[in-house]
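So the structure is just underneath, and the comments pick up after that.
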Amino acid sequence: MGSAVADPVREPGARALLFASFGGPEGPDDVRPFLENVTRGRNVPPDRLDAVAEHYLHFGGVSPINALNRALIDAVRARLRAEGIDLPVRFGNRNWHPLIEDAVTAMASEGIDGALVFATSAWAGYSGCRQYQEDIARARAAAGERAPELVRLRQFHDHPLFIDAFADAVRDGLSRLGAERPRLVFTAHSVPDGADQAAGPPADGGRLYSRQVEESARLVAQAAGIDEHDVVWQSRSGPPHIPWLGPDICDHLDEVAARRHDGVLVCPVGFISDHLEVIWDLDTEAREHAAGLGIAFGRAATPGTDPRLAEMIVELVREHLDGATPRRSGNVPQYGCTRNGAPCAVGCCAAPSPPRRTVGQSGPSR
Ligand SMILES: CC1=C(CCC(=O)O)c2cc3nc(cc4[nH]c(cc5[nH]c(cc1n2)c(C)c5CCC(=O)O)c(CCC(=O)O)c4C)C(CCC(=O)O)=C3C
Ligand SMILES: [Fe+2]
């Protein structure tokens, strides 16, 4: 077991589980206001926003994320019941309804004075971790004096159940691909290079986001029995003069074809379910790009409603309720577990200061 799992905050008094996620639009009229919520105070160029709005509208303005989260919540409820744990599960998002502020306000008005929080990101970093701590603090402020104590569950990038679900998906994907010399390629959401450098407590040396992603990829490949793989990035946004993690998946497919692979299996290890980034940036854009290169393209399933994901969430809950031993397969430090939205450590995942835009450097983001 790695050394850096924060000591679980014991919460035998927890009276609910709050399932916190990103949120997504559920119809065409939701798309613009949703995107405005996502990008408030960020440096996302308007032409990028127009392009992303198109991706959502391509699917009728409905992101798959809310329905997938509701299905996962049902699975978590069933698993809690099966284990005899009496814990109501509530749902609250950062960017769209049901909003986390409303979920926490409802808890306060029902007299729920303590809850655990599961956030749907496995990762360290500003977008994956610190922003969830900010959401928790903001939601408590909105709920006022009777706001519940909220203890967030830890990051889980190397949890054996999470790794095993992806490993099965990789084995399955490769067997369906039917290529003779396939390449296994993992992807996660790109972030600004500066945000990756700032990910985690400075004492850990930074880059905890990309280090966790690389470790998850290595563990999944190993569990699937695959000797070689690549880790690349997807869904970059932001102005073109700001460096983000790369290479991008589509550029990397050129490389894979040049190395004479006849197929690629893409495993989106950065996402727990088939979010819009997965069904657009991979299943649509990257698939087309691979077709243009004449190589076979497959996409490994995300855990989604694999029973092991719900099982893992209940195990994380039990680390707090009855002191279940945290299970980990890797060594990269892991944080995320704090009370009432406190940062994980001093200086952890410092919030980005939006860089000033330089004249003459606007244009498409890719
Ligand atoms: C690390 C990371 C994760 C993984 C961890 C986690 O799961 O949280 C993630 C997940 C997600 N990102 C999502 C959607 C979007 N992300 C955006 C923008 C951004 N993401 C970033 C990072 C991440 N994002 C960053 C650094 C930006 C730039 C602006 C900013 O600093 O905030 C934008 C704005 C347009 C654009 O720039 O693309 C949208 C619409 C959805 C929902 C999809 C659906 O509807 O199914 C999900 C799950
Ligand atoms: Fe994102």
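Principal axis analysis of the Cα atoms in region 160-299 yields extents of 45, 36, 27 Å, listed in decreasing size.
Angle of helix 65-82 to the longest C-alpha principal axis of the chain, folded into 0 to 90 degrees and rounded to 10: 50°. When each of 65, 295 is scored by the number of other beta-carbon atoms lying within 10 Å, the sequence from fewest to most is 295, 65.
Our summary gives region 160-299 a relative contact order of 35 percent, counting only alpha carbon pairs under 8 angstrom and 6 or more residues apart. Report, to the nearest 10°, how far helix 160-177 tilts away from the longest principal axis of the Cα atoms in the chain, using its own Cα long axis and a range of 0 to 90°. For 160-177 against the chain, the angle is about 30 degrees.
Remark: 249, 226 ranked as 226, 249, counting other beta-carbon atoms within 10 Å and listing the fewest first.
One compactness figure for the chain is 0.97, namely its Cα radius of gyration divided by 2.2 N^0.38 Å. Against the chain, whose longest principal axis comes from its Cα atoms, helix 131-143 is set at around 30 degrees. Among 250, 267, 349, a tally of other beta-carbon atoms within 10 Å of each Cβ gives an order, fewest to most, of 250, 349, 267.
Spread over its residues, the convex hull of the C-alpha atoms of region 91-141 is 73 Å³ per residue. Each DSSP beta bridge with both residues in region 160-299 is either parallel or antiparallel, and the antiparallel ones are about 5%.
The calculated 222 nm mean residue ellipticity attributable to helices in the chain amounts to -12000 deg cm²/dmol, summing -39500 (n - 2.57) over DSSP H runs of n ≥ 4 and dividing by all residues. Strictly greater than 15 Å: what percent of every Cα pair in region 14-74 meets that? Result: 56 percent of Cα pairs exceed 15 Å.
FYI, it's all coordinate maths here, none of it is from the lab. Small disclaimer: the values here were computed from a predicted structure and weren't measured. Note that we place each Cβ from the backbone using ideal geometry, even for glycine, and neighbour counts take in every protein chain shown.
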